1. In nm, to one decimal, how far is the modelled label at B:Leu206 from the one at A:Val59, with both set 7 Å along Cα→Cβ?
2. Using modelled backbone amide H atoms (1.01 Å from N, in-plane), which distant-in-sequence or interchain residues come within less than 5 Å of A:Gly216's amide H?
3. Give the order of B:Thr83, B:Thr156 when sorted by the count of other beta carbons within 10 angstrom, beginning with the fewest.
4. For the stretch A:156-233 and the stretch B:1-75, what is the separation of their C-alpha centers, rounded to whole Å?
5. Restricting to chain A, compute how many DSSP beta bridges are antiparallel as a %, nearest 5.
6. For chain B, which span is the longest to avoid every loop-located (per DSSP) member of chymotrypsin sites (Phe, Trp or Tyr not before Pro) having at most 13 other Cβ atoms inside 10 Å?
7. Which of the aspartates and glutamates could be linked to B:Lys31 by a straight reach, that is with a Cα gap under 18 Å, when you skip same-chain ones fewer than 8 residues away?
8. Please give the helix A:137-149 orientation as an angle from the longest Cα principal axis of chain A, in degrees from 0 to 90, rounded to the nearest 10.
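Here, each number is a calculation from the coordinates, and none is a lab measurement. Everything numeric in this text was worked out from a predicted model, so none of it was measured. Don't worry about glycine lacking a Cβ; one is built from the backbone with ideal geometry, like all the others, and counts go over all protein chains shown.
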Amino acid sequence: MTLSVRGLSVSSLVRDVSFEIGAGERVGLIGESGSGKSLTALAIMGLLPEELPASGSVVLHDRELLELSEKDLSRLRGDELAMVFQEPMTALNPAMRVGRQVTEPGRIHGRRQRAEDLLAAVGLPGTARAYPHQLSGGQRQRVVLAMALANEPSLLICDEPTTALDVTVQAQILSLIKTSLPADSALLFITHDLAVVASVCERVLVMLDGEIVEAGSTREVLTAPKHDYTRKLLDASDLEARR
Amino acid sequence: MRNLVLGSVLVALVVLAALLSFAWTPFDPVKVDATHRLLGFGASHWFGTDKFGRDLLSQLMVGARTTLYVGVVAVGIAAVIGTPLGILAGMSPRWLGEFVMRVNDLVLAFPALLLAIMFGAVFGADTLTAMVAIGIATIPSFARIARSGTLQVMSTEFVLAARAGGRSRLNIALRHVLPNISGLLIVQASVSFAIAVLAEAALSFLGFGTRPPTPSWGRMLQESQELLTVQPRLALVPGIAIAVAVLGFNLLGDGLRDRLDPRLAARG
């Protein structure tokens, strides 16, 4: 198993969450706003605010992350662990050229990479000298993705990476995630868009009020939901109409 | 843009006057000449002479040196100590940040002039003690500005993303926080520079700053006061010089802030 989460709790906001993700597996985490999806992601990354400690166990490649010091964690982050955030408008430093930003994770972890190559890989050749404000939302999200993928992480967490984008750009970003993620990397994809889950993930976890209420293959969960809440989610979405 | 140009012109005027004074002044600024006392504006002494017959323009030019010297050193001290302190307070755990800021408040409660007078009494009044005292008294405003900016930057998603990318705290402070609060700091520096210029003038006026015979705008003002009703020119000339320097640095700071922020520059 690449990632194994056991009994993860964050205050009373996330309660006893357990799941596993294997190498190369794409797992979706769905649920409404405030259900604890993002907190779960931040807990795995060790990026929770100081007043919210996490308990339980998060094991990445036989290493217990919750017990690691900030220093050891920061060695893993950006290398083994990477994350893409929801809002591409604020996820980039406005005062730094994007070329410098994409090569930074590599530089920190001792690799020399060319900004042009990393940016070309996400379809943005020739933008290394641009500042974030000169790029569109979709382009910025590509930059964020290039940063996250620069060191070929073994676990990539995407926290609603397409929510802030319009539908056509969404599709481009999704296919980019699917094609550029290394084959043996695990993916935890957080979203509330069931159509996105259906197109990206093999397995899905449904979260409600801080707990995982249903888990299974995407097909199972989306066609024969067992939990009331999942059924409600499905009814509320337009997934049926699009199929 | 207009601020930047006007501010640069005014500051350049002061800087050029100071630089030129090293090579050339119309007259010896400290030479007493009893036969040419209290001359008005004229062809040989452009701004006239004071009660000792010293050329006002020459004094003004040499005084510009003192003014710039004081401003640069005082703001330098304040920025170099205050900025890291503020960033530290903004990035460290809350209790430590609060502690740093309370100590900061303590220093802030001390008026710059009082501190300078105290320093003058202890270490002897001259330009150096005045600069150091003004600098120390200005540290809290830099620390405060730096901390509030840091707190704002630390709450943004790109800092979270930077941490998710494995960046160390020092790296985040230098590469993410500092560039994004530099606009704030530059404005603070220009305002502090103006305040330092005023404070030096006030201290020299009170006799706690630059010692005679070194020309200083503040002391020129002081020496003018007994003749204020007869010869207002003596107060007006250094007064306008101080106003030009203060205004120049304020405008320059505003202009630079707009220019250095890549987001604002794109619009303008």
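1. 7.0
2. HN-HN under 5 Å from A:Gly216: A:Val204.
3. Ranked by crowding around the Cβ, least crowded first: B:Thr156, B:Thr83.
4. The stretch A:156-233 and the stretch B:1-75 have Cα centres spaced 72 Å from each other.
5. DSSP beta bridges in chain A are roughly 50 percent antiparallel.
6. It runs B:42-268.
7. Here the aspartates and glutamates satisfying the reach criterion relative to B:Lys31 are B:Asp50, B:Asp55, B:Glu223.
8. Here the helix axis deviates by roughly 90 degrees.
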